[in-house]
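Structure first, commentary second.
The values are calculated or read from the model by the stated rules, or taken from the named source; none is laboratory data. As the structure is a prediction and not an experimental result, all values here were calculated from the model. We place every Cβ from the backbone using ideal geometry, glycine too, and count neighbours over all the protein chains shown.
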Amino acid sequence: MINTNGLNHVLVVDDDKIIQMLLINLLSDMFEVDAVSSAKEALTVFNPQRHFLVITDNFMPQITGIELIQKMNSEVPCILISSEDLEKEAYQAGAVFFQRKTHDMVSLLDKAIEIWDSTASPPPTQ
């Protein structure tokens, strides 16, 4: 099914500029990507009318990715990425997917596409 609701923006949240650029490069062929360097900035920039997905690192100053996911209160699907094994904590916070930074990041793109497809509006009936 093709997503027809107009949402094609991903919000990437990571204070590591190298990881941020990696994610932008990975996702930008399929989606529009907005990137910020902190969870605090993400809360200001985030717009559920614009973003269908949030991908966030966990370890950041002031507010962690887990806290960000909790504050977003399931407004949109969130993916937590971390170099630490926080899978259990990610899902408890409300994340729909957890990705270790040390693993193949292509599965992250696959999950983003799956989430985007699931937000598709059904085709109009005639």
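Listing for the model above:
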item	result
Residue match in the range 73-91 (condition: polar (S, T, N, Q), more than 12 Å from the chain's Cα centre (by Cα) and surrounded by 21 or more Cβ atoms within 10 Å (Cβ to Cβ))	yes
Residue in the range 38-68 that is farthest from residue 20 (Cα to Cα), counting only those that are part of a strand (DSSP E or B) and β-branched (Val, Ile, Thr)	54
Lone unmet requirement of (1) among the hydroxyl-bearing types (Ser, Thr, Tyr); (2) without any contact (Cβ under 8 Å) to a residue 40 or more places away in the chain; (3) closer than 17 Å to residue 112 by Cβ for residue 56	(2)
Tally, over the range 50-99, of residues that are within 15 Å of residue 12 (Cβ to Cβ) and basic (Lys, Arg)	1
Residues that are hydroxyl-bearing (Ser, Thr, Tyr), assigned to a helix (DSSP H, G or I) and at pLDDT below 90, drawn from the range 69-119	107, 118
Residue match in the range 26-35 (condition: farther than 23 Å from residue 119 by Cβ, free of Cβ contacts under 8 Å to residues at least 60 places away in the same chain and over 14 Å from the mean Cα position of the chain (by Cα))	no
Number of the condition not met by residue 94 [criteria: (1) more than 10 Å from the chain's Cα centre (by Cα); (2) on the phi < 0 side of the Ramachandran plot; (3) not aliphatic (A, V, I, L, M)]	(2)
Any hit, the range 45-56, residues being within 16 Å of residue 108 (Cα to Cα), out of contact with any helix residue (DSSP H, G or I) (no Cβ under 8 Å at 6 or more places or on another chain) and either at pLDDT below 95 or surrounded by fewer than 22 Cβ atoms within 10 Å (Cβ to Cβ) (or both)	no
